[in-house]
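S.K.: Before I ask anything, here is the structure I am working with.
The values are calculated or read from the model by the stated rules, or taken from the named source; none is laboratory data. Predicted model, so just to flag it, every value in this text is computed and none were measured. Cβ atoms come from the backbone with ideal geometry, glycine included; neighbour counts cover every protein chain shown. Accessible surface is based on the protein model in full, side chains and every heavy atom, while ligands, DNA and RNA are left aside. Shrake-Rupley method; radii C 1.70, N 1.55, O 1.52, S 1.80 Å.
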Amino acid sequence: MWHDFRRSHDLWSDSFFSSTMSKLNPRTTKYEFLGPPGALLISIGVPSMIYGLYYGCSEQTGGCPPPTLTLSKLTSEITTLPLTLPLHELSWWKGLWHEVWDTDAALMYFAWYAFCVVAWRVLPGDQVEGIRMRDGNVKKYKINAFSTFLLALGLVTGVIFRYGPENFTFLYERWIGFATAAIFMSVFQAFGVYAISFREGALLAQGGNSGNWVYDWYIGRQLNPTLSIFGAEFDIKSFNELRPGLILWALIDISMMCEQAVRRGGIGGVTDSMWLVLLFQVGYIADGLYNEPAILTTMDITTDGFGFMLSVGDLAWVPFVYSLQARYLVFHPLLLGPVATALIIAVNATGYHIFREANGQKNDFRNGKDTRGLEYFTTESGSKLITSGWWGRSRHPNYFGDLLMALAWSLPTGFETPITYFYVTYFAVLLIHRQRRDDENCEKKYGKDWDKYKKIVPYRIIPYVY
């Protein structure tokens, strides 16, 4: 009898738990990115674009070709291409593999990732709570990304001053191998987190539970995939968001500077354009790492699951695409002069001020630390929407600041090729897409109050423009 009671109790518990998880993890009914076909195309397209930007703008292929590529030349080259690629020939695949794979670079990349994990575990850091999730839990995050950055920067600086800049040019020399290793890690992690998302009790992302494995693998099925490492809870998504890729971006920029220094007779020969790119980008990275808790309220952490979209973005796209300007200036050094330098600094400073002030207003307001007397109105759900300050000028003023900084990062490369302006163009498309996603989510959350808010703050990103 006791066994029968226990069996019925277990069945009831399992049924209750299953019902609870079904309510917490409803089936995704609306696709983004044109659904599974779009997810597949982006999954192929993002790595292809990383390689395309390298081969389309690199010293090895003769620089950035668009300024000298005429329509007649392009037409003649297209007509001489073979109608089909020899995909059935093993030798073709072997040649492609040898072109992009570098074992030494891969081992160094994996060692770098391991270094970041060990630094996360060993270096001290505050435990900061994220927002309350829909299952009622509040995750705690270890905040020490800036410490990891300082440690890495200190080690690299020591190598450069002790052994010379020629000993830190390997990221430029083995760029394609490092990029391939990062893409490999992205794919590996995407499959890994997709597999562990089927563990019992996993909280899934509301947009990543469609049942189509291609789409869910890409968009991210589990909201916060975690592992136990060295006896601590390791949140894969928040770790990747700031550490391995973002810090590597700074190191790549420094390696580009070292390569230019070697070619131009030492650190003193580094051009003002390279110093500007280094100052802007490394400064932006340092600022993001120093303000690490701010990411805990972003859509990436609170809403999106972790899949290939975020893994390839964090680990491969950010360091190897965003460093394009510095890589270009290695083989195309440009002297700007004091006037152009001052104007570009002004553009970047304006963008940074808007970006930091807007984020500061939002974070202080949310944490009950507002000292600016910001105006707001309270929605029916009890939430408060800011209607003054930068958030009274547009609904996403931080995006406006981001765009101005992105433009300033490209201006030091001059105007001889549009390729170095890929970043600001891509970033504008990305931010507009994010703005629309965010507005859509807010409309669902606040209902008619969101319509009221849009009348008070009509501009989406750029005040009086868009």
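S.K.: Which FRET efficiency value, to the nearest 0.05, do you get for Thr157 and Phe234 by plugging their Cβ-Cβ distance into 1/(1 + (r/R0)^6) with R0 = 25 Å?
M.R.: The pair Thr157/Phe234 has a calculated efficiency of 0.30.
S.K.: Pop a pseudo-label 7 angstrom from the Cα along the beta-carbon direction at both Phe188 and Ile345 and give the gap in nm to one decimal.
M.R.: 4.4
S.K.: Ignoring ligands, DNA and RNA, what percent of the 1.4 Å accessible area of the chain is carbon and sulfur?
M.R.: Carbon plus sulfur share of accessible area: 62 percent.
S.K.: Divide by every residue of the chain the summed helix terms, -39500 (n - 2.57) for each DSSP H run of at least 4, and state the resulting mean residue ellipticity at 222 nm, rounded to the nearest 500 deg cm²/dmol.
M.R.: Taking each H run of at least 4 residues, the total per residue is -19500 deg cm²/dmol.
S.K.: Determine, for each peptide in 308-315, 227-234, 52-59, 348-355, the mean count of other beta carbons within 10 angstrom over its residues, then list the peptides with the highest first.
M.R.: The peptides rank, most packed first, as 308-315, 348-355, 52-59, 227-234.
S.K.: Only Lys, Arg, Asp and Glu count, each charged at its Cβ (+1, +1, -1, -1), so figure out the dipole size of the stretch 424-466 about its Cα centre, rounded to 20 debye.
M.R.: Charge dipole of the stretch 424-466: 60 debye, to the nearest 20.
S.K.: Once Lys and Arg get +1 and Asp and Glu get -1 on their Cβ, which of Ala179, Asn167, Val117 lies farthest toward the positive end of the dipole of the stretch 104-179?
M.R.: The residue sitting farthest along the positive end of the dipole is Val117.
S.K.: Using θ = phi - 60° and the Karplus relation 6.51 cos²θ - 1.76 cosθ + 1.60, list the HN-Hα couplings for the stretch 415-420 in order, rounded to whole Hz, with x at every Gly or Pro.
M.R.: Coupling constants for the stretch 415-420: 10, 7, 8, x, 4, 6 Hz.
S.K.: Do any trypsin sites (Lys or Arg not before Pro) in the stretch 197-274 lie in a DSSP loop with no more than 12 other beta carbon atoms within 10 Å, and if so, which?
M.R.: Answer by residue number: Arg199.
S.K.: With +1 on each Lys and Arg Cβ and -1 on each Asp and Glu Cβ, and nothing else charged, work out how big the dipole of the chain is about its Cα centre, in Debye to the nearest 20.
M.R.: Computed about the Cα centre, the dipole is about 1060 debye.
S.K.: Next up: For the stretch 374-444, with only Lys/Arg (+1) and Asp/Glu (-1) charged at the beta-carbon, what is the dipole magnitude about the Cα centre, in debye rounded to 20?
M.R.: 60
S.K.: Also, quick follow-up: Among 295-303, 437-445, 138-146, how do they line up by average Cβ neighbours within 10 Å per residue, starting with the highest?
M.R.: Going from most to least packed, we get 138-146, 295-303, 437-445.
S.K.: State whether the stretch 248-299 is rounded, prolate or oblate according to the following rule on the C-alpha gyration tensor (a ≥ b ≥ c being the square roots of its eigenvalues): a/c under 1.5 gives rounded; otherwise a/b larger than b/c gives prolate, and the remaining case gives oblate.
M.R.: Judged from the Cα gyration tensor, the stretch 248-299 comes out prolate (a/c at least 1.5, a/b above b/c).
S.K.: Let me ask another. For the pairs Lys30/Lys384; Lys362/Lys452; Lys142/Lys384, note any where the Cα-Cα span goes beyond 26 Å.
M.R.: Check vs 26 Å cut-off fails for Lys30/Lys384; Lys142/Lys384.
S.K.: May I have the extent of the alpha carbons of the chain along their three principal axes, as whole Å values ordered from largest to smallest?
M.R.: 84, 61, 51
S.K.: Check which residues have an amide H placed less than 5 Å from Phe377's amide H, if you skip close sequence neighbours.
M.R.: The answer is Leu385, Thr387.
S.K.: Calculate, for the chain, the solvent-accessible area per residue in square angstrom, rolling a 1.4 angstrom probe over the heavy atoms of the protein chains.
M.R.: 50
S.K.: Put a dot 7 Å past each Cα toward the Cβ at Phe415 and Arg356; how far apart are the dots in nm?
M.R.: 3.0
S.K.: OK, next. What are the ³J(HN,Hα) couplings of the stretch 296-312, residue after residue, when phi is run through the Karplus curve with 6.51, -1.76, 1.60 and θ = phi - 60°? Round to Hz, x for glycine and proline.
M.R.: Couplings: 5, 10, 7, 4, 4, 8, 7, 10, 6, x, 10, x, 5, 4, 7, 5, 6 Hz.
S.K.: Over the chain, what relative contact order in percent results from Cα pairs under 8 Å that are six or more residues apart?
M.R.: The value is 17 percent.
S.K.: Pop the C-beta distance of Ile44 and Thr378 into the FRET formula with R0 = 45 Å and round what comes out to the nearest 0.05.
M.R.: Given R0 = 45 Å and the Cβ-Cβ separation, E is 0.45.
S.K.: Let me ask you something else. What does the extension gain come out to for Lys445 and Arg199, with contour length at 0.36 nm per residue minus their alpha carbon separation?
M.R.: 85.6 nm
S.K.: Counting Lys and Arg as +1 and Asp and Glu as -1, what is the net charge of the other residues whose Cβ lies under 12 Å from the Cβ of Glu357?
M.R.: My count for the surroundings of Glu357 gives +3.
S.K.: Another question about this same structure. What figure, in Å² to the nearest 10, do you get for the accessible area of Lys30 with a 1.4 Å probe and non-protein molecules left out?
M.R.: 120
S.K.: For the stretch 289-438, what's the relative contact order in percent, using C-alpha pairs closer than 8 Å and at least 6 residues apart?
M.R.: Averaging sequence separation for qualifying contacts and normalising by length gives 27 percent for the stretch 289-438.
S.K.: While we're on this one: Give the residue from Pro244, Gln60, Ala346 lying farthest towards the positive end of the charge dipole for the chain; charges sit on Cβ (+1 for Lys and Arg, -1 for Asp and Glu) and the dipole is referred to the Cα centre.
M.R.: Toward the positive end, the furthest listed residue is Ala346.
S.K.: Further question: Just name one of Asn359, Ala286, Leu310: the one whose Cα is farthest towards the positive end of the charge dipole of the chain (beta-carbon charges, Lys/Arg +1, Asp/Glu -1).
M.R.: Checked the options; the winner is Asn359.
S.K.: Measure nothing but the geometry: give the 0 to 90° angle between the long axis through the Cα atoms of 244-263 and the longest principal axis through the Cα atoms of the chain, rounded to 10°.
M.R.: Helix 244-263 sits roughly 10 degrees off the main axis of the chain.
S.K.: How far is helix 175-196 tilted off the main Cα axis of the chain, in degrees rounded to 10, range 0 to 90?
M.R.: Orientation of helix 175-196: about 10 degrees from the principal axis.
S.K.: Between Arg437 and Thr103, what FRET efficiency follows from the Cβ-Cβ distance if R0 is 30 Å, with the result rounded to 0.05?
M.R.: In this case the efficiency is close to 0.15.
S.K.: Please compute the net charge surrounding Leu246, taking Lys and Arg as +1 and Asp and Glu as -1 over other residues with Cβ under 14 Å from its Cβ.
M.R.: Local net charge: -4.
S.K.: Once you list every other residue whose beta carbon is under 9 Å from the beta carbon of Val138, what net charge do they have if Lys and Arg are +1 and Asp and Glu are -1?
M.R.: Once positives and negatives cancel, what remains is +2.
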